[in-house]
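Single-structure report; data block below.
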Amino acid sequence: MRFFTMEQDKSLPDRIEFRDFDICGPRHIFYKKDAEDINDSTTLYLTEKSGECAPDFIQSPIPMVSDTVKKVLDMYEDDMVFKSVAIISKERGVILPYHTLLLDSMDMLSEKTEFYPNGSVKRLVLDSGRVGEHHVFWLNDRRFRNPFVSLEIVESLLRRNVIGIIFREVEVE
């Protein structure tokens, strides 16, 4: 069993820029339990000078995934919940379909996880017994702000040539 964190590649050249939000700035994470409080559809606009490269995973202002990533996640996790986000470039007349990433927040940390005295992570270890059959989730700890995905999801996404996503392997016991 192998797992990875999924992060936005913020060094992606010529990436899109939101008109009202910093794509590399602070973010808010919504969970599956918040689904009823979120609009079924939201519209975000790009700046006039926005780049053209749209990453398949956007972390800010909220975690969003492209149609390609949504389809893959949906294949591996039965009860996924998504809300639509239309990212619009008025200047180019383009609409990019995205989806909010609403996942369960779960306690998957192993007792072998180690922290520095200041609370930051020294060694992250997931508990394979707790992970069970899950392929994608958030950890229920605010120190971990990226979704965790299984090797199967990573391989499936890489076969689809996704861009703007960095996968970092984490230890699983």
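The values are calculated or read from the model by the stated rules, or taken from the named source; none is laboratory data. Small disclaimer: the values here were computed from a predicted structure and weren't measured. Neighbour counts are summed over all protein chains in view; Cβ atoms, including those assigned to glycine, are modelled from backbone coordinates with ideal geometry. Protein only, heavy atoms only, side chains kept; ligands, DNA and RNA dropped before computing areas. Shrake-Rupley method; radii C 1.70, N 1.55, O 1.52, S 1.80 Å.
Side notes on the structure shown:
- Against the numbered list (1) in contact with a helix residue (DSSP H, G or I) (Cβ under 7 Å, 6 or more places away or on another chain); (2) open to solvent by 60 Å² or more (accessible area, probe 1.4 Å), Phe4 comes up short only at (2).
- Of all residues in the range 134-166, those satisfying the criterion of being surrounded by fewer than 17 Cβ atoms within 10 Å (Cβ to Cβ) and at pLDDT 90 or above are Leu151, Glu152, Glu155, Leu158, Arg159, Arg160, Asn161, Ile163, Ile166.
- Criterion (under 19 Å from Arg2 (Cβ atoms) and surrounded by fewer than 20 Cβ atoms within 10 Å (Cβ to Cβ)) met by exactly one of Val131, Val81: Val131
- In the range 160-172, the count of residues that are in a loop (DSSP other than H, G, I, E, B), over 18 Å from Asp74 (Cα atoms) and under 15 Å from the mean Cα position of the chain (by Cα) is one or more.
- For the range 104-124, the count of residues that are hydrophobic (A, V, I, L, M, F, W, C), surrounded by 15 or more Cβ atoms within 10 Å (Cβ to Cβ) and closer than 17 Å to Ile29 by Cα is at least one.
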